[in-house]
Amino acid sequence: MASTMYQRDPRAGLFLGGTRSSGAEVRDANVAACQTVSNILKSSLGPVGLDKMLVDNVGDVTITNDGATILSLLEVAHPAARILVSLATQQDKEVGDGTTSVVLLASELLRRANELVRNKIHPTTVITGYRLACKEACRFMAEQLSTKVDKLGKDSLVNVAKTSMSSKILAADDDFFAPLAVDAMLAVKTINAKGEKKYPVKAVNVLKAHGKSARESFMVKGYALNCTVASHAMKLKVNNAKIACLDMNLAKQRMHLGVHITIDDPEQLEAIRARESEITLERVRKILAAGANVILTTKGIDDLCLKEFVEAGAMAVRRCRKEDLRRIAKATGATLISSLANLEGEETFESSSLGFAEEVSQERISDDELILVKGTKIVNSSSIILRGANDYMLDEMERALHDALSIIKRTLESGSVVPGGGAVETALSIYLENFATTLGSREQLAIAEFASALLTIPKTLALNAAKDSTDLVAKLRAYHNAAQNVSINDPKRNLMFYGLDLINGKVIDNKQQGVLEPTISKIKSLKSALEAATSLLRIDDSIQVAPERKEEVDPHGH
């Protein structure tokens, strides 16, 4: 029925052409598509997960085990699988880590829901049950499993960063990179208008430099730019810097193409040339007159203007990245200016569009010269310079560091952590199983399936570590069951923080071992996975319009 044309389908009505699949068929197709996507990511989950090598149509190679990166590079055609790809991207934006687990969870929830629907339980009932389960799970996690960061001290931040790095390329050097990431994040603390503490990840600039080993990476206070001053005659250090951020070319103005000037005197030609030079020099003088002593531009600066800058004792840097300039403008309070023209049509440069920093200097770091902007006025910034053997390694290090920084930001802003290593999922699974039996309605089955779906995370973790997943997960469940059936003051209550130690294949207390994740990351991933699964579960009909047939035109006109 699904593949028939609309004319033959009694429900088709007036549609012409195209295919329609409905009911179990479309659900099975959606589940199969989502399973395919999650199977790609499955083996890359956890501290012993493996990497994927992705080659695009131009032949560029990316080697990574970051879920969001893998999915963003895949060209997914199936509409249901695309929802999972956008889910991973969303998780990456919101939390920064946990992208792989959120996709695995969503596809497992969908698969189990489909089984329930096959057994004649209505999708709406399943969705209601799932929603209730998610709500209870989040409540239980926030009340029972999470610990305030203040109780654990700064070490907990380092441990959170280590947990995030454990599944990435930085795992071997996490004792070096975790404190580095925490220091960089603490250095950019700002307090917004409402009095909340904020830690913007974008205020940490990550630069990559070839050579040396990963352990020779370092952090610099201030915003580092991978550029050098435009002329050797310039100062290499400016104190109390007033920074002009420009997005324009400070070179001799040439006439635009298509402009015709008819002259009858050769001296007029000279006058035109002189005026061309003068226009740019006037701009430069206006910028300097506003008090700017550091000029950063995304385009070029020619020799004529350089002379002006050198004589004025200013520091000019050309060909900066626009993204860097935007961040510097934000940090120093400057405005990125792309044209000096004002509303009256005259060219002016206001001193209000300058940014302030205590010091701008050019420093030699390893083989590269970098411009450092220190003591920015509005947002403090810090930079991490990564060293590594080759491009692939540096790119993967940058991705790993970005995840770690995002996770530290979430921990600092939300202020509570939960144990990692499958501890949360197992605890929630046991809790929801017990909770399901207290309900007398149909949702009971959906909640029990939600509980079983959560176990996919510890099972996959153990499987990737080449350990016996059935044995380990059974042991873990026994521990958590014991913890939840005793009173609050019983010492067995601490078994609630037990999770997997995948290196040794044992069950250990992850809170003591420092395997921690921010609570908000877990809550967000549960909610996102639920949303994705329910939105796919609601679909019971898929209509695909047949592509238009273009009539072939004979080029020879026969």
Looking only at segment 342-351, count every residue that is small (Gly, Ala, Ser) and in contact (Cβ under 8 Å) with a residue 24 or more places away in the chain and tell me the total. 1
From Ala453, Ala446, residue being out of contact with any Gly (no Cβ under 6 Å at 6 or more places or on another chain) and under 19 Å from Arg131 (Cβ atoms): Ala453
Please identify the pairs in which a residue from segment 469-494 that is touching a residue at least 24 places away in the same chain (Cβ under 8 Å) and within 21 Å of Ser146 (Cβ to Cβ) has its Cβ atom under 7 Å from the Cβ atom of a residue that is open to solvent by 90 Å² or more (accessible area, probe 1.4 Å) and part of a helix (DSSP H, G or I), counting only partners at least 6 apart or on another chain. Ala483/Lys492
For segment 24-45, which residues satisfy the criterion of being surrounded by 22 or more Cβ atoms within 10 Å (Cβ to Cβ) and without any contact (Cβ under 8 Å) to a residue 12 or more places away in the chain? none
Looking across segment 63-82 at residues that are among the charged types (D, E, K, R) and open to solvent by 60 Å² or more (accessible area, probe 1.4 Å), the single one that is nearest to Ala33 (Cα to Cα) is Arg82
Please enumerate the residues belonging to segment 463-479 that are within 18 Å of Leu495 (Cβ to Cβ) and either of a type in the set (A, V, I, L, M, F, W, C) or buried (at least 20 other Cβ atoms within 10 Å of the Cβ) (or both). Leu472, Val473, Ala474, Leu476, Ala478, Tyr479
Run Ala341 past the list (1) surrounded by fewer than 16 Cβ atoms within 10 Å (Cβ to Cβ); (2) within 18 Å of Ala233 (Cα to Cα) and report the number of the one that doesn't hold. (2)
Tell me yes or no: at least one residue of segment 352-375 is open to solvent by less than 30 Å² (accessible area, probe 1.4 Å), within 16 Å of Met248 (Cα to Cα) and either without any contact (Cβ under 8 Å) to a residue 60 or more places away in the chain or not in a strand (DSSP E or B) (or both). yes
How many residues does segment 52-76 hold that are under 16 Å from Gly96 (Cβ atoms) and assigned to a strand (DSSP E or B)? 1
Residues (of a type in the set (Lys, Arg), in contact (Cβ under 8 Å) with a residue 12 or more places away in the chain and in a helix (DSSP H, G or I)) located in segment 251-307: Arg283, Arg285, Lys286
Considering segment 251-273, residues that are at pLDDT below 75 and in contact with a helix residue (DSSP H, G or I) (Cβ under 9 Å, 6 or more places away or on another chain), and then whichever is surrounded by the most Cβ atoms within 10 Å (Cβ to Cβ), we arrive at Lys252
So Gly17 passes all but one of these: (1) modelled with pLDDT of 55 or more; (2) farther than 30 Å from Leu109 by Cα; (3) part of a helix (DSSP H, G or I). Which condition number does it fail? (3)
Top-ranked residue of segment 512-558 - restricted to ones that are exposed (fewer than 12 other Cβ atoms within 10 Å of the Cβ) and either in contact with a helix residue (DSSP H, G or I) (Cβ under 8 Å, 6 or more places away or on another chain) or at pLDDT 80 or above (or both), ranked as farthest from His78 (Cα to Cα): Gln512
Can you tell me which condition Glu108 does not meet? The list is (1) of a type outside the set (Val, Ile, Thr); (2) open to solvent by less than 30 Å² (accessible area, probe 1.4 Å); (3) under 20 Å from the mean Cα position of the chain (by Cα), and all the others hold. (3)
Those residues that are of a type in the set (Ser, Thr, Tyr) and under 21 Å from the mean Cα position of the chain (by Cα), I need them from segment 366-415; list them, please. Ser381, Ser382, Ser383, Tyr392, Ser406, Thr411, Ser414
Output the number of residues of segment 403-434 satisfying the condition of being crowded, with 20+ Cβ neighbours inside 10 Å, within 20 Å of Tyr479 (Cα to Cα) and out of contact with any Leu (no Cβ under 7 Å at 6 or more places or on another chain). 4
Between residues in segment 418-434 that are free of Cβ contacts under 8 Å to residues at least 60 places away in the same chain and residues that are assigned to a helix (DSSP H, G or I) and of a type outside the set (Gly, Ala, Ser), which pairs lie under 6 Å by C-beta distance while being six or more apart or on different chains? Glu425/Leu454; Glu425/Ile457; Glu425/Pro458; Ser429/Leu454; Ile430/His480; Ile430/Asn481; Ile430/Gln484
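When residues of segment 162-213 are filtered for being acidic (Asp, Glu) and loosely packed, with under 15 Cβ neighbours inside 10 Å, how many remain?
Going through segment 162-213, the residues acidic (Asp, Glu) turn out to be 173-175, 183, 196.
Pick out the ones that are also loosely packed, with under 15 Cβ neighbours inside 10 Å and you get 175, 196.
Adding up the residues that qualify gives 2.
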Return yes when Gly333 is of a type outside the set (A, V, I, L, M, F, W, C), under 29 Å from the mean Cα position of the chain (by Cα), at positive phi and open to solvent by less than 60 Å² (accessible area, probe 1.4 Å) and no when it is not. yes
Hey, can you tell me all the residues within segment 388-398 that are in contact with a helix residue (DSSP H, G or I) (Cβ under 7 Å, 6 or more places away or on another chain) and at pLDDT 85 or above? Met397
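Listed here are the residues, each with its yes/no results for (1) under 27 Å from Gln484 (Cβ atoms); (2) part of a helix (DSSP H, G or I); (3) open to solvent by 20 Å² or more (accessible area, probe 1.4 Å).
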| position | (1), (2), (3) |
| --- | --- |
| Leu50 | no, no, yes |
| Leu84 | no, yes, no |
| Leu116 | yes, yes, no |
| Gly129 | yes, yes, no |
| Lys135 | yes, yes, yes |
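The values are calculated or read from the model by the stated rules, or taken from the named source; none is laboratory data. Model, not experiment: these values are computed from the prediction. All Cβ positions, glycine included, derive from the backbone under ideal geometry; neighbour counts span all protein chains shown. Note: accessible area is taken over every heavy atom of the protein model, side chains too, but ligands, DNA and RNA are not part of it. Shrake-Rupley method; radii C 1.70, N 1.55, O 1.52, S 1.80 Å.
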